[in-house]
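Working notes, structure below.
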Amino acid sequence: MPTPLGAQLSLAAQQGDAAAVEALLGECTAEDANSADEKQCTPLHWACNCDEASVARLLLADPRVNVEARSRHGATACHHACSSNSLRVLPLLLDGSASHLLNAPNDWGEVPLHVAATAGHAGVIAELLRHGAGTEAEDRWGRTPSHVAAQQGLEPTALGLPRAQPEEAKP
C-alpha cells in the first residue's frame, strides 16, 4: 500500500497538478516519492500513463525518484509512456535519466517497442526508433515488435517498423 504522502503524490501526478507535486516533493521522503499503489505504480508511472510532462519533469529532476521502479509485470516508466501514447513524456524519459530503459524488457520480455507496436502508436514508435530502439528484440514467445504489430492487424512498415518476416509468423 502507498504511504499517505505517496498516495497524494500519485493522485497529483494523475491529475497533472504540478504545483501539488512540487509541494509534496518538498515534504516527502524517498519512500513517499516511490510509493507504489495496488497496481505497483509509482507517481512517475502515473505521470507517464497520463502524459503529464510538467509533472514528469519535476519527478525526473528529483534524485529520490527511482526511474528503475517497475510496476506490475515489470513495466518501466518507458513501458507506461509507450502503452499510453505519451508523446510529451516519452522524450523526457529517453533524453534523460531513464534513457537506459529504452530496450529494457518487462516480465514477458517485451521491450517498450513491443508495447507501442501492440497499440499501434506510430508517433511513439518513431520516437523510440529515433533514440535507437532495437527492432529485433524478441519477447518470451519469440515475437519481434513487427510480428506483434502484424498480429494486431497492423502493417508494421506503416508504423515505421521493418516488415515482419514470414518465419516470424509464430502463434
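With a 1.4 Å probe and every protein chain kept in, tell me what percent of the accessible surface of segment 1-101 is carbon plus sulfur.
52
The ratio of the alpha-carbon radius of gyration of segment 84-171 to the globular-protein estimate 2.2 N^0.38 Å is 1.01. Residues in the chain average 45 Å² of solvent-accessible surface per residue, probe 1.4 Å, ligands and nucleic acids excluded.
Pairs of Cα atoms nearer than 8 Å and 6+ residues apart set the relative contact order; for segment 15-102 it is 29 percent. Calculated mean residue ellipticity, 222 nm, the chain: -12000 deg cm²/dmol, from DSSP H runs (n ≥ 4) at -39500 (n - 2.57) each, averaged per residue and rounded to 500.
Here Rg and Dmax of the Cα atoms in Å was computed from the coordinates, and among (i) 14.9, 42; (ii) 14.9, 44; (iii) 16.4, 55 the match is (iii). Listed values for segment 32-42 are Karplus-derived 3J(HN,Hα) couplings in whole Hz (6.51 cos²θ - 1.76 cosθ + 1.60, θ = phi - 60°), namely 5, 5, 10, 5, 9, 8, 5, 8, 6, 8, 9, and x replaces Gly and Pro. Counting charges near GLN40 (Lys, Arg +1; Asp, Glu -1) among other residues having Cβ under 9 Å from its Cβ returns a value of +1. Within the listed set ALA19, ALA133, ALA104, the residue fluctuating most in the Gaussian network model of the chain (springs between alpha-carbon atoms under 10 angstrom) is ALA19. Would you mind classifying segment 1-78 by shape? Square roots of the alpha carbon gyration tensor eigenvalues, ordered a ≥ b ≥ c; an a/c under 1.5 is rounded, otherwise it is prolate if a/b is larger than b/c and oblate if not. Rounded is the answer for segment 1-78, as its axis ratio a/c remains below 1.5.
Rounded to the nearest 0.05, the FRET efficiency derived from the C-beta distance between GLN15 and SER97 at R0 = 22 Å is 0.40. Only Cα pairs under 8 Å and 6+ residues apart enter the sum, and on that basis the relative contact order of segment 50-171 stands at 20 percent. Once you reduce segment 89-167 and segment 37-77 to the center of their Cα atoms, the two points are 20 Å from each other. Overall, segment 1-107 carries a charge dipole of about 240 debye about its Cα centre when +1 sits on the Cβ of Lys and Arg and -1 on the Cβ of Asp and Glu, all other atoms neutral.
Computed from the C-beta positions of ALA23 and TRP141 and an R0 of 45 Å, the FRET efficiency is 0.50 to the nearest 0.05. Extents of segment 1-40, taken as max minus min of Cα coordinates on every principal axis and listed largest first, are 25, 20, 12 Å. Scanning the chain for GluC sites (Glu not before Pro) in DSSP loops with at most 14 neighbouring Cβ atoms within 10 Å leaves 69-135 as the longest stretch between them.
The values are calculated or read from the model by the stated rules, or taken from the named source; none is laboratory data. Source: prediction; values computed, not measured. Virtual Cβ from ideal backbone geometry, glycine too; neighbours counted across all protein chains shown. Side chains included, ligands, DNA and RNA excluded: accessible areas come from the protein's heavy atoms. Shrake-Rupley method; radii C 1.70, N 1.55, O 1.52, S 1.80 Å.
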